[in-house]
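Here the structure is laid out as structure tokens; the discussion comes afterwards.
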Amino acid sequence: MKHHVTPPQAGKPPSGRSVPAAMAKRPASLYLRRMSRIVIIGAGHAGGTAAALLRQYGHEGPILLAGEETAPPYQRPPLSKAWLKGEAGLEDLLLRPESFYAEKDIQLRTGVTATAIDRAGRTVTFADGTVEPYDALILALGSTARRLPIPGADRPDLLELRTLTDAERLKAALGPGRRLAVVGGGYVGLEAAASARALGAEAVVIERMDRVLARVASATLSAFFTAWHRANGVEILTDAEVTGFEEAGVRLADGRLISADAILVGVGALACDGLAAAAGLACDNGVVVDEQARTSDPAIYAIGDMTHRPVPVHDGVFRLESVPNALEQAKQAASAITGRPAPAPEVPWFWSDQFELKLQIAGLPGGADRQIVRGDATAPGFAVFHLAGDRIVCVEAVNAPAEFMAGKQFIGRRTPVDAAKLADPAVSMKAVAQA
């Protein structure tokens, strides 16, 4: 049986709600905005935050938060670290206690998949046959793991690390005497390898490029993390092309078989923009949005990993995969829907925890014409600055929080810096800015 909720009519509150006297005096357009029905598809970090912000920003109308997973909105970064090592439980991962949603009158539907958007009728159809109307729709579907087009890629025993269920499967496969093969030397792969070692398992990272982190970090950073992982017992193979997955392990182009008890594939992610594309929304390596997270349909917003969005600080359009990006766009969408001033643009930033190392990155390196290393790049406590002229566009900091924070501020303010002072750790970061 299809379930359909009739949206509030113009000038009337939803059933069961009375109109506060102060609201009755407001202009009709403001009233409708505050009482409109919001549907959020995707109950991850972005979607869960957007729902909470709508209430925080004063939205009083119905909010439906629907997600494919059965768990309430939770944090994903700990999946490859604290969760995998058994240092965190579900309660530690939840964005907010499950009771929060009932307390804030947010309808949370888990374990449901949206299958179609009717933009003309402003409804969303789900796989269980329910049809939900909306006045404003927020898409927060995230991204999905990229698959390799090689023999054995459809093996059911292959692992990925995108969800809580994935993390549980990986945790069960690790332990003393076990050997994990990680295909892909990106952040998630290196984090998983570090966690595997912490659990007593062997780990080998297989990367087809000539260095790990080749797509996302400087060569200096790659060299440091390669050396650190090897010193902690992780085998790193570069220039290694995977040609197939077998029961005994990973087959390489040179004929070698890398034996493994478990195989984790982490070779990047694709935006979950299929639903949006089918609805006719503009997509280009993700759903195209503006600085308010609005899509090509003014009634539909998109946030998080699935978007191709403007980043004013870098004068460009990018697809970003990070928690800070999800939070920033959740603020943008919630502000636009509730009529608040748009939040100030933020500097993109990312982090990764591996062994006792904390890597923090701010900004994007595109357009840089040189790099400056501050500190000893063979030991924790250094930073790599990417400069375009006399301005920092990106900083990569390893156990160097002062460099990260100052670099992030300089990027946001477009502060000119003195390169010689920047390269000298004896000079404080405050003194690095040009007078």
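The values are calculated or read from the model by the stated rules, or taken from the named source; none is laboratory data. None of these values were measured; they are calculated from a predicted model. All Cβ positions, glycine included, derive from the backbone under ideal geometry; neighbour counts span all protein chains shown. Just so you know, the surface numbers come from the protein's heavy atoms only, side chains and all, with ligands and any DNA or RNA stripped out. Shrake-Rupley method; radii C 1.70, N 1.55, O 1.52, S 1.80 Å.
Judged by the mean number of other Cβ atoms found within 10 Å, the most tightly packed of the peptides 328-336, 272-280 leads the ranking 328-336, 272-280. Each principal axis of the Cα atoms in the range 163-206 has its own extent, and those three values, largest first, are 23, 23, 14 angstrom. The packing ranking of peptides 108-115, 206-213, highest mean first, is 206-213, 108-115, where packing means the average number of other beta carbon atoms within 10 angstrom of each residue. Under 8 Å for C-alpha pairs, at least 6 residues apart: give me the relative contact order for the chain, rounded to a whole percent. Taking the mean separation of contacting Cα pairs over the length of the chain, I get 13 percent. The spacing between the range 115-142 and the range 61-87, judged by their C-alpha centroids, is 22 Å. Most simply put, the range 245-349 has about 85% antiparallel DSSP beta bridges, counting only bridges with both residues inside it. Share of carbon and sulfur in the accessible area of the range 219-276 stands at 50%, probe radius 1.4 Å.
Working ranking of peptides 300-309, 98-107 by packing, defined as the average number of other Cβ atoms within 10 Å per residue, highest first, is 300-309, 98-107. The percentage of C-alpha pairs in the range 34-92 whose separation is greater than 16 Å is 52%.
Per residue, the chain exposes an accessible area of 43 Å² to a 1.4 Å probe, with every protein chain left in place. Counting protein heavy atoms only, the range 104-150 has 46 percent of its accessible area on carbon and sulfur, 1.4 angstrom probe. Split the accessible area of the range 329-422 by element, probe 1.4 Å, and carbon with sulfur accounts for 54%.
From helices alone, the chain scores -7000 deg cm²/dmol at 222 nm; the rule is -39500 (n - 2.57) for each run of n ≥ 4 DSSP H residues, then divide by the residue total.
Taking the Cα centre of the range 87-228 as origin and assigning +1 to Lys and Arg Cβ atoms and -1 to Asp and Glu Cβ atoms, the resulting dipole is close to 600 debye. Dipole check for the chain: with +1 at the C-beta of Lys and Arg, -1 at the C-beta of Asp and Glu, and the Cα centre as origin, the magnitude is about 1380 Debye. The DSSP beta bridges internal to the chain are antiparallel in roughly 60% of cases. Pairwise alpha-carbon distances in the chain exceed 26 Å for 61% of all pairs.
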